[in-house]
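The values are calculated or read from the model by the stated rules, or taken from the named source; none is laboratory data. Computed from a predicted model, the values in this text were never measured in an experiment. Heads up, the Cβs are rebuilt from the backbone with ideal geometry, glycines too, and the neighbour counts pull from every protein chain shown. Surface accessibility is based on the protein's heavy atoms, side chains included, excluding ligands, DNA and RNA. Shrake-Rupley method; radii C 1.70, N 1.55, O 1.52, S 1.80 Å.
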Amino acid sequence: MAQWSVIIDSEQWATERLFQQDVVVVRGGPAGAAAGDEALLIADGNVVGLARVEKAGEYLALAYRRRAFDEPIPFPAATGGPVAEADFRRYADRLSRAQPKRSWLVSVAMPIEATGPAEAVRQFWSHVNELGPRELPTYVWPSGDELAMQAFVLGVEANQDPEEDDEDED
């Protein structure tokens with residue numbers, strides 16, 4: 001079993017951060033990678049995941065074992081390829097530190113004018129589908145602490161207070 005670093009391009013990385021998928025498919029990848037090998041997933045110069053190679057060839061199918069989307073680890077190499085076992089283990093150990101889970105409430109809210117609740121729901125899903133995570137703010141807060149609510153767009157905290165925007169322009 002070999003250890004590799006595999007580069008995920010910026011567009012694919014943005015999608016990976018938005019939707020939790022079990023498998024990431026990468027075109028190309030390191031020559032010599034084989035099913036059963038381990039890989040550090042690299043995006044924008046950071047280790048963002050630990051994966052197992054499920055299928056190799058023109059496309060690599062990599063099954064996530066751990067993710068570090070919210071706290072990526074800087075990675076010095078700019079290209080994908082083999083990684084020395086000691087270096088690989090150092091990164092894998094940092095990724096393997098399990099973070100405690102807690103309950104979060106996640107909400108999307110928007111005003112919708114409709115003739116009734118069923119039409120409002122249809123319009124809501126149409127707007128969600130049209131705007132998607134690139135434009136539609138999603139609100140998240142720890143269960144039981146509504147005052148800690150934060151808005152996120154594209155998986156990144158986003159200020160939604162227009163008064164604060166006005167203050168920044170002055």
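Miscellaneous remarks
- A dipole drawn for segment 100-170 from +1 and -1 charges on Cβ atoms has a positive end, and of Ala151, Phe124, Pro111 the residue lying farthest that way is Phe124.
- Residue with peak Gaussian network fluctuation, the chain [Cα springs, cutoff 10 Å], from Thr138, Thr115, Thr79: Thr115
- Met110 - accessible surface, heavy atoms, 1.4 Å probe, Å² rounded to 10: 50 Å²
- Cβ-Cβ FRET estimate between Asp22 and Asp87, R0 fixed at 25 Å, reported to 0.05: 0.45
- Three-way shape label, the chain, alpha-carbon gyration tensor, a/c 1.5: prolate
- Positive-end residue, segment 64-170 charge dipole about Cα centroid, Cβ charges, pick of Thr138, Gln160, Tyr91: Tyr91
- Here the spin labels are modelled as points 7 Å beyond Cα on the Cα-Cβ line, and at Asp9 and Ser103 they lie 4.3 nm apart.
- Using the Karplus relation 6.51 cos²θ - 1.76 cosθ + 1.60 with θ = phi - 60°, the per-residue 3J(HN,Hα) values for segment 97-105 come to 5, 5, 8, x, 9, 9, 7, 10, 9 Hz, with x marking Gly and Pro.
- Listed residues Leu40, Leu105, Leu147, most fluctuating in the chain (Gaussian network, C-alpha, under 10 Å): Leu147
- On a per residue basis, segment 11-144 carries 63 Å² of accessible surface, using protein heavy atoms and a 1.4 Å probe.
- Of the listed residues Asp93, Asp87, Asp37, the order by accessible area with a 1.4 Å probe, largest first, is Asp93, Asp87, Asp37.
- Rounded percent of accessible protein surface that carbon and sulfur make up, the chain, 1.4 Å probe: 50 percent
- Across Ala78, Ala118, Ala43, mean-square fluctuation computed from a Gaussian network of the chain (C-alpha pairs under 10 Å connected) peaks at Ala118.
- Other-chain or far-sequence residues with amide H under 5 Å of Val47's (modelled H): Ile73, Phe75
- Counting only DSSP beta bridges with both residues in the chain, the antiparallel share comes to about 85 percent.
- Other residues within the sphere of radius under 14 Å centred on the Cβ of Ser143, judged by their own Cβ, net out at 0 (K and R +1, D and E -1).
- Inter-label distance for Ala148 and Glu119, nm, one decimal - labels placed 7 Å from Cα along Cα-to-Cβ: 4.1 nm
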